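K.L.:
Next up is a structure, given as structure tokens.
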């Protein structure tokens, strides 16, 4: 992506302390580093320091959402976060503020996992299973809000709560790994299939 020298220098200054990414393998960490760089460039160029900055309410709102995501991007250490973020609708969320589920940050993951039984398995399997479970729980929270907002059927809310109960009670890492979607956009579909039984 083309940026002026001054703008690129400013971006380099803001991103100088990026943490090393941890992933399942060196290849995944390397891919995630490339994805992180691409996302950082787009957000910085289009939203944080846009060339055609116009001050209006919508621009300010976009800037705030971009800045919120920017802070996460600078701090997040999990490679899987960036791979999932690329497959999410984060640009739509920044532009319009529409309800979109973004990948769980490490902090959100810890909050969603609080009080749940520990997942059992190898260290790497447990780490990924925790991410999958937290992501499904985050999607379930958003689905619940949507159901309540549009007056969803009681049956749908009961099925959602049943699926949440399953997600909260399973401790086998392999169960989550076997159901892991191919990309982030498929998590909602997986949640809906769990709701059906």
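The values are calculated or read from the model by the stated rules, or taken from the named source; none is laboratory data. Source: prediction; values computed, not measured. Cβ: placed from backbone, ideal geometry, glycine included. Neighbour counts: every protein chain shown.
K.L.:
Among the residues of the range 129-148, is any within 20 Å of residue 23 (Cα to Cα), in contact with a helix residue (DSSP H, G or I) (Cβ under 9 Å, 6 or more places away or on another chain), assigned to a loop (DSSP other than H, G, I, E, B) and not assigned by TED's automatic domain parsing to the domain that holds residue 23?
P.N.:
no
K.L.:
Still on this model: Go through (1) outside any helix (DSSP H, G or I); (2) without any contact (Cβ under 8 Å) to a residue 40 or more places away in the chain and name the single condition residue 118 misses.
P.N.:
Failed condition: (2).
K.L.:
Next question. Is at least one residue of the range 9-29 in a loop (DSSP other than H, G, I, E, B), over 15 Å from residue 82 (Cβ atoms) and free of Cβ contacts under 8 Å to residues at least 12 places away in the same chain?
P.N.:
yes
K.L.:
Oh, and also: Any chance the range 74-90 includes a residue that's part of a loop (DSSP other than H, G, I, E, B), in contact with a helix residue (DSSP H, G or I) (Cβ under 6 Å, 6 or more places away or on another chain), at pLDDT 90 or above and not assigned by TED's automatic domain parsing to the domain that holds residue 180?
P.N.:
Yes, that holds for at least one residue.
K.L.:
Turning to a different aspect of this structure: Give the residues of the range 181-191 that are without any contact (Cβ under 8 Å) to a residue 60 or more places away in the chain and surrounded by fewer than 16 Cβ atoms within 10 Å (Cβ to Cβ), sorted by residue number.
P.N.:
182, 186, 189
K.L.:
Whether any residue in the range 168-180 is touching a helix residue (DSSP H, G or I) at 6+ places or on another chain (Cβ under 6 Å), more than 30 Å from residue 48 (Cα to Cα), assigned to a loop (DSSP other than H, G, I, E, B) and not assigned by TED's automatic domain parsing to the domain that holds residue 48 is what I want to check.
P.N.:
Checked against the condition, which is being touching a helix residue (DSSP H, G or I) at 6+ places or on another chain (Cβ under 6 Å), more than 30 Å from residue 48 (Cα to Cα), assigned to a loop (DSSP other than H, G, I, E, B) and not assigned by TED's automatic domain parsing to the domain that holds residue 48, the range 168-180 yields at least one hit.
Okay, residues lined up against (1) more than 19 Å from the chain's Cα centre (by Cα); (2) under 22 Å from residue 21 (Cα atoms); (3) not in a helix (DSSP H, G or I):
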{"position": "45", "(1), (2), (3)": "yes, no, no"}
{"position": "70", "(1), (2), (3)": "no, yes, no"}
{"position": "98", "(1), (2), (3)": "no, no, yes"}
{"position": "102", "(1), (2), (3)": "no, yes, yes"}
{"position": "107", "(1), (2), (3)": "no, yes, no"}
{"position": "127", "(1), (2), (3)": "no, yes, no"}
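K.L.:
Does residue 157 fit the bill of being free of Cβ contacts under 8 Å to residues at least 24 places away in the same chain, touching a helix residue (DSSP H, G or I) at 6+ places or on another chain (Cβ under 6 Å) and either crowded, with 16+ Cβ neighbours inside 10 Å or part of a helix (DSSP H, G or I) (or both)?
P.N.:
yes
To keep it simple, each residue is scored yes or no on (1) surrounded by fewer than 16 Cβ atoms within 10 Å (Cβ to Cβ); (2) touching a helix residue (DSSP H, G or I) at 6+ places or on another chain (Cβ under 7 Å); (3) over 24 Å from residue 61 (Cβ atoms).
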site	(1), (2), (3)
6	yes, no, yes
9	yes, no, yes
12	yes, no, yes
16	yes, no, yes
22	yes, yes, yes
26	yes, no, yes
34	yes, no, yes
39	no, yes, no
44	no, yes, no
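K.L.:
Sticking with this one: Looking at the range 109-134 only, could you name the residues that are within 30 Å of residue 62 (Cβ to Cβ) and either touching a strand residue (DSSP E or B) at 6+ places or on another chain (Cβ under 6 Å) or at pLDDT 95 or above (or both)?
P.N.:
134
K.L.:
May I pose another question? Give the residues of the range 168-197 that are under 18 Å from the mean Cα position of the chain (by Cα) and farther than 22 Å from residue 89 by Cα, sorted by residue number.
P.N.:
176, 177
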